[in-house]
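The values are calculated or read from the model by the stated rules, or taken from the named source; none is laboratory data. On a predicted model such as this, the values are computed, not experimentally measured, just so you know. A quick note on method: Cβ atoms are made from the backbone with ideal geometry, for glycine too, and the neighbour counts reach across all protein chains shown. Heavy atoms of the whole protein, side chains included, go into the accessibility calculation; ligands, DNA and RNA do not. Shrake-Rupley method; radii C 1.70, N 1.55, O 1.52, S 1.80 Å.
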Amino acid sequence: MVKVFPFGLVGVWLARWRSCGAGLAGSALFALALVTAPALAAERPILLVVGDSLSTAYGFEQEAGWVTLLEERLDGSARVVNASISGETSGGGASRLPELLGQHDPDIVLLELGGNDGLRGLPPTQMEANLAGMIEASQAAGAEVLLLGIDIPPNYGQAYRRAFTDVFTRLAETYDTPLVPFLLEGVALEEGLMQDDGIHPTAEAQPIILDNVWPALEPLLESNGVQLAELAAE
């Protein structure tokens, strides 16, 4: 004997079944999200900035510094770790880098060091050895390197200045790394863009500094999966 259910009862039963099914599906999706969210977060490339006071927002609020502006421009598509210390030399950075590489496992390392070596008149050969070691250590750890070059006043003579700036070009050629020849291009000696000490840029100069870095950084970001077209559209 075939049992016939009233239409209303069948409708209630189907509604309950669908509700249960939707609930199970929703739970499954929620669980999947919990599992995949950390994985997606972990897939974001990590940028490690190792620099001196030029990268620490020296003399003004941290939020206005070029490294923070870089993080804002990336809009969550990459994670930025700023390991810069005011007064840092290439020797100090070289001694700290192994621990930083182990701690953060970066995909891209931005090296912004050497200015304090030059201001102290330290041998350019010593700076070159320190930076070379940092590049080699970064590449050995699987990171790409962007070298941020700097110039210095001719306090120690033009020969020293030339030997100093030549280090960055030579390192970029030797290790096939992209180079920003002069981080403070369009900033140094410009009225209103340098602090009274004549060494540190102002907050107003930070967007210019970021624009100096960005063209050399773009290809590295793209090779690490950052969709720059989507960032530009936002």
Subject >> Ranked packing of 82-95, 47-60, most packed first, by mean Cβ within 10 Å >> reply: 47-60, 82-95
Original post:
So, counting K/R as plus one and D/E as minus one, what does the shell of residues with Cβ under 14 Å around Tyr156 add up to?
Top reply: +1
Subject >> Packing-based order for 134-147, 191-204, using average beta carbon neighbours within 10 Å, highest first >> reply: 134-147, 191-204
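Return the FRET efficiency for the residue pair Asp197, Thr169: r is the Cβ-Cβ distance, R0 is 30 Å, and the value is rounded to the nearest 0.05.
For R0 = 30 Å, the calculated efficiency reads 0.65.
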**OP:** Just the number, please: carbon plus sulfur as a percent of the accessible area of region 80-234, 1.4 Å probe, no ligands or DNA/RNA counted.
**Re:** 50 percent
Original post:
Can you list the residues, at least 5 places off or on another chain, whose amide H is less than 5 Å from the amide H of Val80, using H built in the peptide plane?
Top reply: Leu47
**OP:** Report, in whole Å, the centroid distance computed from the Cα atoms of region 198-229 and region 43-61.
**Re:** 11 Å
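Order these peptides, 99-107, 115-123, by their mean beta-carbon neighbour count within 10 angstrom, highest first. Please report the intermediate quantities before stating the final value.
Working: 99-107: 16.3, 115-123: 18.6.
Ranking, from highest mean packing down: 115-123, 99-107.
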